[in-house]
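Student: Pasting a structure below so you can have a look.
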Amino acid sequence: MGAGRLYAAVAAGGFRRYATYRAATAAGVFTNTAFGLILVYTYRALWDEKPHLGGYDQTQAVTYVWLGQAFLSTLAIGGGGVEDELMERIRTGDVAIDLYRPADLQLWWLAADLGRAFFQLLGRGLVPFAFGALCFPVYLPSDAGTWAAFLAAVVLAMLVGFGIRYLVALSAFWLLDGTGVVQMMWLAGYFCSGMLLPLNVFPGTLGEVVRALPWSSLLQAPADILLGQGDPLPTYLFQGAWAVVLLGTGRLVQSAATRRVVVQGG
């Protein structure tokens with residue numbers, strides 16, 4: 001089997017694996033929809049007081065909320081990606097088995113995470129977004145080109161998201177317990193991705209800083225393309241640069257870690 005077919009099979013396996021968790025998917029859809037409703041009414045009250053806050057009108061702001069709910073699990077902004085399993089395998093020493101596979105460790109887990117992400121987008125992301133579009137006025141582009149540009153940005157967001165979480169997972173090679181690092185990742189993800197408020201709302205230097213961090217590639221960048229607030233090419237260059245930096249750093253850290261594989265507690 002060629003390398004491309006191998007990783008495609010791993011991605012397909014990740015998709016099928018998460019597709020079996022039907023009850024969890026249904027519960028997630030309900031949770032995302034309920035939380036989306038809370039945020040929508042909060043945003044509408046805020047935009048009533050400050051119209052065009054962050055360059056969005058109220059319809060765009062409501063659309064942004066439902067995009068966030070669609071991406072929360074897709075991009076594992078609050079956790080729940082393959083990093084949890086990888087950290088457990090590092091902790092127990094089972095990662096040694098992974099290193100003996102005739103496959104690259106990073107590409108293997110990237111393929112598995114992409115399979116998970118595409119299932120979460122289809123299985124858990126579309127329903128809350130469709131619900132929001134049916135129940136509230138939303139901003140939906142009419143041209144196919146904007147949707148294609150948006151989907152390309154979503155794929156790049158998946159790469160950046162994995163790059164962040166892979167580095168977090170590799171920290172388990174040096175830490176006895178990665179819980180603290182994971183929690184810091186969740187907090188940074190929620191705040192710096194724009195999950196709580198669009199990053200365009202953040203003022204001054206703070207806004208400039210958060211928009212320059214990799215987390216802005218996850219939600220803010222694709223959302224701006226869909227909402228007509230961003231130019232696709234600069235957005236792709238920004239996301240692509242962060243993907244290269246994060247995946248490249250992950251490669252270097254992986255190389256350092258695998259030279260000193262230590263089974264913790266053993």
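Student: Under a 1.4 angstrom probe, counting protein chains only, how are D98, D177 ranked by accessible area, largest first?
Tutor: D177, D98
Student: Using a cut-off of 15 Å between beta-carbons, work out the net charge of the residues near D57 (Lys and Arg +1, Asp and Glu -1, D57 not included).
Tutor: On the way: positive: R44, K50; negative: D48, E49, D224.
Combined, the nearby Lys, Arg, Asp and Glu give -1.
Student: Which of rounded, prolate or oblate describes the stretch 1-66 when judged by the alpha-carbon gyration tensor and an a/c cut-off of 1.5?
Tutor: Verdict is oblate for the stretch 1-66.
Student: Would you calculate a helix-derived [θ] at 222 nm for the chain, using -39,500 (n - 2.57) for each DSSP H run of n ≥ 4 and dividing by the full residue count, to the nearest 500? Display every interim value, and only then the final one.
Tutor: Numbers: 12 runs with 188 residues, N = 266.
So the helix-based figure for the chain works out to -23500 deg cm²/dmol.
Student: Can I ask one more? Just want the answer: with Cβ charges of +1 for Lys and Arg and -1 for Asp and Glu, which residue in A152, L140, Q120 is farthest toward the dipole's positive end in the stretch 72-174?
Tutor: Towards the positive end, the residue furthest out is L140.
Student: Between A45 and L126, what is the FRET efficiency for a Förster distance of 22 Å, r being their Cβ-Cβ separation, to the nearest 0.05?
Tutor: For A45 and L126, the calculated efficiency is 0.25.
Student: In nanometres, what is the gap between the two model label sites at L213 and M184, each 7 Å from Cα along Cα-to-Cβ?
Tutor: A separation of 1.2 nm, rounded to one decimal place.
Student: In addition: Highest first, please rank the peptides 242-251, 75-84 by the mean number of other Cβ atoms sitting within 10 Å of their residues.
Tutor: Peptide ranking by packing, descending: 75-84, 242-251.
Student: What helices does the chain have that are whole DSSP H segments, at least 15 Å long along their own axis by Cα, and with mean Kyte-Doolittle hydropathy of 0.0 or more?
Tutor: 3-19, 22-49, 58-74, 105-120, 144-170, 179-192, 232-258
Student: Can I ask one more? Enumerate by residue number the chymotrypsin sites (Phe, Trp or Tyr not before Pro) in the stretch 86-167 meeting two conditions: DSSP loop (anything except H, G, I, E, B), and at most 12 other Cβ atoms within 10 Å of the site's Cβ.
Tutor: none
Student: While we're looking at this one, here's another question. What residue among P232, G194, S217 has its Cα farthest toward the positive end of the dipole of the stretch 177-261, where the charges are +1 on Lys, Arg and -1 on Asp, Glu, each on the Cβ?
Tutor: Working it through, the farthest residue towards the positive pole turns out to be S217.
Student: Considering the convex hull of the alpha carbon atoms of the chain, report its projected area averaged over all viewing directions, in nm², one decimal.
Tutor: With every direction weighted equally, the projected area is 15.0 nm².
Student: Within the stretch 161-185, find all residues whose amide N lies under 18 Å from a label point positioned 7 Å from the Cα of V245 along Cα-to-beta-carbon.
Tutor: Inside the label zone: 161-168, 185.
Student: Right, here's the next one. Could you provide, to the nearest whole Å², the per residue accessible area of the stretch 194-264 with probe 1.4 Å?
Tutor: Roughly 46 Å² per residue, with all protein chains present.
Student: Can you classify the stretch 117-163 as rounded, prolate or oblate using the Cα gyration tensor, where a ≥ b ≥ c are the square roots of its eigenvalues, rounded means a/c under 1.5, and otherwise it's prolate if a/b beats b/c and oblate if not? Write out the running numbers ahead of the final one.
Tutor: Working: a/c = 2.67, a/b = 1.33, b/c = 2.00.
It comes out oblate by the Cα gyration axes.
Student: Is the stretch 141-227 best put as rounded, prolate or oblate by its Cα gyration tensor, with a ≥ b ≥ c the root eigenvalues, rounded for a/c under 1.5, and otherwise prolate when a/b is larger than b/c, oblate when not?
Tutor: oblate
Student: If you don't mind, there's one more thing I want to ask. What's the extension gain from R16 to F30 if we count 0.36 nm per residue and subtract their Cα-Cα distance?
Tutor: Stretched fully, the R16-F30 segment lengthens by 2.9 nm.
The values are calculated or read from the model by the stated rules, or taken from the named source; none is laboratory data. Quick caveat, the model's predicted, so the values are computed rather than measured. Ideal geometry is used to build each Cβ from the backbone, glycine not excepted, and the neighbour counts take in all protein chains shown. Quick note on the areas: whole protein, heavy atoms, side chains included, nothing else; ligands and nucleic acids left out. Shrake-Rupley method; radii C 1.70, N 1.55, O 1.52, S 1.80 Å.
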